[in-house]
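In what follows, a structure is listed as structure tokens, so that the remarks can point back to it.
The values are calculated or read from the model by the stated rules, or taken from the named source; none is laboratory data. Note that the coordinates shown come from a computational prediction; the quantities given were computed from them, not determined experimentally. All accessible areas refer to the heavy atoms of the entire protein, side chains included, with ligands and DNA or RNA removed. Shrake-Rupley method; radii C 1.70, N 1.55, O 1.52, S 1.80 Å.
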Amino acid sequence: MRRALQIGLGISALGVVQLGAWLLYGWVEHERGADVSSPTFAYETSTGAAPGQDVPLERADGSAARLRDHADSAVILHFWATWCAPCRTELPALIEAAARHPHVVFLLVSVDESWDVVRHFFGGEVPPSVVRDPHGALRDAYGATVLPDTHFLRPGGALAARLRGSRDWRAPSARETIERLTAP
């Protein structure tokens with residue numbers, strides 16, 4: 001009887017801890033503005049030259065990529081991870097947005113520790129727009145401490161905007177924002 005009581009109390013305590021973690025997660029996501037159902041597509045205006053032009057990124061095939069390789073194009077630089085719930089929710093729509101805007105370079109920068117988890121996430125076929133920041137140097141250059149974090153760069157490498165948190169990339173306001181912020 002005493003053993004059953006201890007087990008019951010342990011299970012109850014675990015339930016309370018899980019509930020607390022769930023509530024904390026919900027609050028953090030709310031504070032981050034991670035409501036992907038939001039009809040607005042708010043962003044912070046950025047100015048100046050884009051940092052990290054020479055930071056090496058990895059493609060899934062092992063080749064290198066750098067921001068400077070796309071200096072003449074508008075770039076959407078999106079930091080994400082497979083363990084980030086809002087990232088997983090918005091990423092398919094962001095990949096679709098890349099297909100709808102071929103004049104814009106989308107660099108979807110995974111901050112995961114290895115390609116194995118990224119490949120698993122995509123079922124083995126990693127989209128060409130997905131790259132990895134193996135040492136976190138580009139993430140650090142952009143101050144991307146909370147994911148997802150998106151930066152718009154104008155042709156020539158000037159910063160245009162930053163979007164903290166996830167968005168509905170299928171929304172008409174997303175299309176309008178992409179066109180406005182990537183214009184020369």
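Listing for the model above:
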quantity	calculated
Accessible surface, region 52-184, averaged per residue in Å² (probe 1.4 Å)	43 Å²
With all protein chains modelled, accessible area of Asp116 [1.4 Å, Å²]	110 Å²
Carbon + sulfur, % of accessible area of region 100-184 - ligands and nucleic acids excluded, 1.4 Å	53 percent
Probe 1.4 Å - accessible area at Phe121, Å² to nearest ten	70 Å²
Share antiparallel - DSSP beta bridges, region 65-184, percent rounded to 5	50 percent
Rel. contact order, % - alpha carbon contacts under 8 angstrom, at least six apart, region 59-184	33 percent
Region 129-184, relative contact order in percent, only Cα pairs under 8 angstrom and at least six apart counted	29 percent
Under 5 Å, built H, 5+ apart or other chain: amide partners of Ala161	Ser46, Phe152
3J(HN,Hα) from dihedral phi, region 137-142, Karplus parametrisation 6.51/-1.76/1.60, rounded to Hz, x for glycine, proline	5, 6, 4, 5, 4, 9
Computed accessible area, Glu176, all protein chains, 1.4 angstrom probe, square angstrom	110 Å²
